[in-house]
Amino acid sequence: MIIKLNWIVLILTLVLINVGITAEGQTKNIYSISGQLIDSTSSLPIEYASVAVYKSIDSTLVSGAITNVKGEFLINNLPQGKLFIKSSYIGYNTRITNVEITKSSIILSEPILMNSLWFILTRFR
């Protein structure tokens with residue numbers, strides 16, 4: 001019974017947070033960014049990595065996603081303007097990619113290449 005109550009409280013909290021965020025940003029957020037994360041040495045996709053989008057002007061978090069098994073991500077409901085994408089995964093250097101949404105959604109033409117920390121450590125031995 002306590003476990004069910006905890007789940008109900010968690011779900012209600014998430015719903016209320018979502019409602020607050022939606023009410024706060026009444027601007028038209030109809031744009032999206034999609035792309036792919038790739039390991040720079042093996043050229044394999046990076047699964048389940050974190051991809052977050054921030055406003056460039058004040059580094060405010062806008063939205064985020066987790067990559068799928070193909071290393072692909074899609075982040076919806078983004079505003080126009082200058083943004084940056086912060087890609088991170090355990091064992092890799094965090095990667096920052098600057099983008100600007102002007103009139104349409106963005107599909108990154110090139111994958112974001114992530115450098116393994118292991119590669120960097122062994123390279124400088």
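List of remarks:
- Neighbour net charge for Ser34 - beta-carbon separation under 15 angstrom, K R +1, D E -1: -1
- Label point distance in nm, Ser43-Ile90, each placed 7 Å from Cα along Cα→Cβ: 2.8 nm
- Per residue convex hull volume, Cα atoms of region 28-123, in Å³: 92 Å³
- Take each peptide in 29-42, 59-72, count the other Cβ atoms within 10 Å of every residue, and average; sorted highest first, the result is 29-42, 59-72.
No value in this document is a laboratory result; all are computed from the given coordinates. All figures in this text were calculated on a predicted structure; none of them were measured in a lab. Neighbour counts are summed over all protein chains in view; Cβ atoms, including those assigned to glycine, are modelled from backbone coordinates with ideal geometry.
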